[in-house]
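First comes the structure, then the notes that go with it.
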Amino acid sequence: NRVVIVPNRLIYAGTIMNASTEPVRRVDLTIPIIYQDDVLQAKALIRSIIAADKRILPEPAPDVLVQDLAATSVRIAVRAWVHTVQYGATRGDLLERIKVELEAHGMSLTHIAPPPPRLSSRAAESA
């Protein structure tokens, strides 16, 4: 749908990452829940969703673990391996199912805000 022209100097000087060359790829998700929610129940629900999805490979085993205790949320990391050709559909389905299932059990997802923009030294001096 688009033609992209990349100058050789950028290719030689940069790093090229090709996510489609390997036969399997890891789906990495971060699911932020509020502190009031039961983290053990949330992890169990996510594990059941993963177990029910036949596209997720049994080896390496999927991970569901607390990744971070942020200011406004407990962030749960979800890591599961899939065949590369199924990556996009599996990732989207997992996100949707996790959201629907957690909300059906009365849990609330929070927004992960991007870090605030950094001011350049010149902008900071004029502020």
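Cβ-Cβ distances below 9 Å connect the following pairs, each with a first residue in the stretch 1-20 that is under 27 Å from His83 (Cα atoms), a second residue that is open to solvent by less than 100 Å² (accessible area, probe 1.4 Å), and a separation of six or more residues or different chains: Ala19/Arg25; Ala19/Thr84; Ala19/Tyr87; Ser20/Thr84; Ser20/Tyr87. Consider the stretch 89-127 and keep the residues that are at pLDDT below 95 and either under 16 Å from the mean Cα position of the chain (by Cα) or among the aromatic types (Phe, Trp, Tyr) (or both). The one that is most open to solvent (accessible area, probe 1.4 Å) is His111. The residues of the stretch 5-48 that are more than 27 Å from the chain's Cα centre (by Cα) and either at positive phi or of a type outside the set (S, T, N, Q) (or both), listed by number, are Ile5, Val6, Pro7, Arg9, Leu10, Ile11, Tyr12, Ala13. Among the criteria (1) closer than 20 Å to Leu102 by Cβ; (2) out of contact with any Leu (no Cβ under 8 Å at 6 or more places or on another chain), the one Ile31 does not fulfil is (2).
The values are calculated or read from the model by the stated rules, or taken from the named source; none is laboratory data. What you are looking at is a predicted structure, and each value in this text was computed from that prediction instead of being measured. Virtual Cβ from ideal backbone geometry, glycine too; neighbours counted across all protein chains shown. When the accessible area is computed, the model is the full protein with side chains, heavy atoms only, and any ligands, DNA or RNA have been set aside. Shrake-Rupley method; radii C 1.70, N 1.55, O 1.52, S 1.80 Å.
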